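Asker: There's a structure below that I have some questions on.
The values are calculated or read from the model by the stated rules, or taken from the named source; none is laboratory data. These numbers were taken from a predicted model, which means no experiment stands behind them. All Cβ positions, even for glycine, are placed from backbone atoms using ideal geometry, and neighbour counts span all protein chains on display. With ligands, DNA and RNA removed, areas are computed over all heavy atoms of the protein, side chains included. Shrake-Rupley method; radii C 1.70, N 1.55, O 1.52, S 1.80 Å.
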Amino acid sequence: MKIVAIIVTLVCCCLMFCVKREWKAAMLVMGAMTLSAVSISGIPLRKANLLLQVAFLLSEREYLQQHIRYLRRVPWLRNLFLLVSGSALLAALTSPYTGIKEMIENNLLFGYFSLAYAFWAVKNEKSLKPILKVSLYCLIVLSFFGVLNYMEKSSMFVNAMTEGRTSMYGDVAIGDRYTESSRFRVQSMYNSAFDYGYICVAILLLHLHGWYRHLESKKTFFLAIVCCFFGIITCGCRIVWVGAILSIACYNMWSFKLGRNVMLGIFAAILMIISYNTIPAVEEKVNSVTDVFVEDSETKGSSISLRMSQYAYVLMYVEGHEWLGLGSGYWAYFLDNDPRSIRNLNGVESVILVYLLERGIIGLVIWATFYTIIFLYFGRKRKKNKSLTGLGASILTLYLVFSIGTGELGSVYPTMLLLGFVIKAIEYRRLKKLYRLLIRLKQIRSVSPS
């Protein structure tokens with residue numbers, strides 16, 4: 001199985017030099033959906049998604065200057081990259097656990113800069129068609145391994161990709177980390193079941209937009225819904241469930257008239273009430289969500305009291321280092337070398353906790369500023385394009401709910417890809433007009449007498 005995954009990765013890297021850009025974008029999404037657990041030993045970078053990004057950049061080397069000019073014509077986006085670059089540099093210089101090279105590679109080139117790669121890879125909204133098609137095939141593959149995982153109570157794909165490694169939560173294989181857990185979760189092709197649920201919600205939003213904009217058929221959309229809902233439900237993450245509800249609601253409220261939203265809300269409320277009173281499984285799931293607010297709940301998992309305890313311990317740990325934190329990579333370093341020293345933190349299950357702990361108030365403010373600017377951009381563009389900005393706002397809502405509720409985990413990369421696609425589709429007409437204007441100015445200058 002690992003050999004097949006490696007072959008798929010290498011074939012996709014080679015195809016980057018042969019196919020059109022929108023198909024390159026589709027392969028980046030494919031990597032984010034199915035290859036997050038794949039790594040190839042014996043070569044630089046190793047991780048499949050990093051190799052795909054490198055292949056994309058190399059395939060676009062002749063056009064990089066043109067791509068950079070496109071970014072420069074979107075000043076707010078250019079400023080965003082300067083903001084995160086400054087934040088990464090500050091974090092690297094003030095941390096004894098992470099070097100500049102590592103920070104640039106993991107946090108920028110193969111992290112936030114993925115937004116730029118997606119921005120370059122697509123042209124307009126129609127460019128999403130290949131992405132929708134490839135993502136559907138990926139959903140089918142994810143669901144196949146998810147069903148096997150559910151039946152066997154073990155992820156054979158993850159175990160094959162991570163052979164010899166064990167989970168940090170116990171001396172068990174990573175694909176078996178939930179086997180003996182009181183709350184079994186389906187991982188499918190991910191090291192974390194939470195990441196599996198997250199990608200299902202994110203791709204569901206993409207297909208919801210594709211169906212609404214007639215970029216795919218009803219049958220295709222229905223198949224995508226089935227696959228996505230299987231992953232969302234079986235991942236067993238309450239934050240994913242809440243994120244799914246809020247992000248879908250955000251898309252509908254943002255994109256459609258209030259009357260339709262009211263009808264959808266009433267219908268959903270009636271359906272939920274009927275389901276809660278007639279289907280035991282629905283009653284159990286709803287209770288597991290509402291139990292998060294109960295201090296001594298019967299449903300195991302994170303609760304409000306646990307989160308408050310985590311916040312209290314983080315503030316205690318960073319006392320005297322509030323502005324810059326204890327250094328990027330602090331949590332991972334002590335988890336590997338001295339886990340007893342950080343046991344009181346209970347996993348720092350929130351991006352806010354992680355940033356306060358490792359990057360301090362300054363790092364947290366920069367993180368919040370980055371996403372606030374993107375959200376405000378969608379708000380400014382809403383009148384001109386409700387559906388695309390609605391897609392962007394809903395993806396952003398999903399990311400914020402997920403990252404604040406559980407931590408970022410593997411959510412940043414797919415989020416940056418999807419946001420990059422949306423922003424380019426919104427900016428396409430303006431950039432096209434600007435490009436034509438520049439061409440005319442060059443022509444005028446070339447024919448004017450010297």
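Asker: Are there GluC sites (Glu not before Pro) in region 96-200 that DSSP marks as loop and that have at most 15 other Cβ atoms within 10 Å, and which are they?
Answerer: Counting only loop positions with at most 15 other Cβ atoms within 10 Å, the GluC sites (Glu not before Pro) in region 96-200 are E163, E180.
Asker: Another one. At a Cα cut-off below 22 Å, give the lysines reachable from K2, other chains included and same-chain residues fewer than 8 away excluded.
Answerer: Straight-distance partners of K2: K47, K153.
Asker: Another question about this same structure. If you place +1 on the Cβ of every Lys and Arg and -1 on the Cβ of every Asp and Glu, how big does the dipole about the Cα centre of the chain come out, in debye to the nearest 20? List each step's numbers first, then the result.
Answerer: Details: 48 positive and 27 negative charges, 689 e Å.
Around 3320 debye, computed over the chain.
Asker: Which shape class, rounded, prolate or oblate, goes with region 116-165 when its Cα gyration tensor gives a ≥ b ≥ c as root eigenvalues, a/c under 1.5 marks rounded, and past that a/b bigger than b/c marks prolate? Walk me through the numbers on the way to the answer.
Answerer: Values: a/c = 5.66, a/b = 2.11, b/c = 2.69.
Verdict is oblate for region 116-165.
Asker: Tell me what the chain gives for mean residue ellipticity at 222 nm when only DSSP H runs of n ≥ 4 count, each as -39,500 (n - 2.57), the sum divided by the residue total, rounded to 500 deg cm²/dmol.
Answerer: On the way: 20 runs with 307 residues, N = 450.
Result for the chain: -22500 deg cm²/dmol, rounded to the nearest 500.
Asker: OK, next. Roughly speaking, to the nearest percent, how much of the chain's 1.4 Å accessible area is carbon and sulfur?
Answerer: 64 percent
Asker: Mean Kyte-Doolittle hydropathy of -1.0 or higher plus an axial Cα length of 18 Å or more: which whole DSSP H helices in the chain meet both?
Answerer: Within the chain the helices that satisfy the rule are 2-15, 21-34, 75-93, 128-152, 193-212, 218-234, 238-255, 258-278, 304-317, 360-381, 386-406, 412-447.
Asker: Give me the compactness ratio for region 5-145, meaning the Cα radius of gyration over 2.2 N^0.38 Å.
Answerer: Dividing the Cα radius of gyration by 2.2 N^0.38 Å gives 1.11.
Asker: Continuing with this model, one more query. Measuring with a 1.4 Å probe in the full set of protein chains, what accessible area per residue, in whole Å², belongs to the chain?
Answerer: Result: 51 Å² per residue.
Asker: What's the longest uninterrupted piece of the chain once you rule out the chymotrypsin sites (Phe, Trp or Tyr not before Pro) that are loop residues per DSSP with at most 13 other Cβ within 10 Å?
Answerer: The segment 170-322 is the longest one with no such site.
Asker: Would you list which lysines come within 25 Å of K129, measuring only between C-alpha atoms, while excluding same-chain residues fewer than 8 positions from it?
Answerer: K20, K24, K218, K219, K381, K383, K384, K386, K424, K432, K433
Asker: Could you work out how far the C-alpha centroid of region 28-101 sits from that of region 374-427, in angstrom?
Answerer: 18 Å
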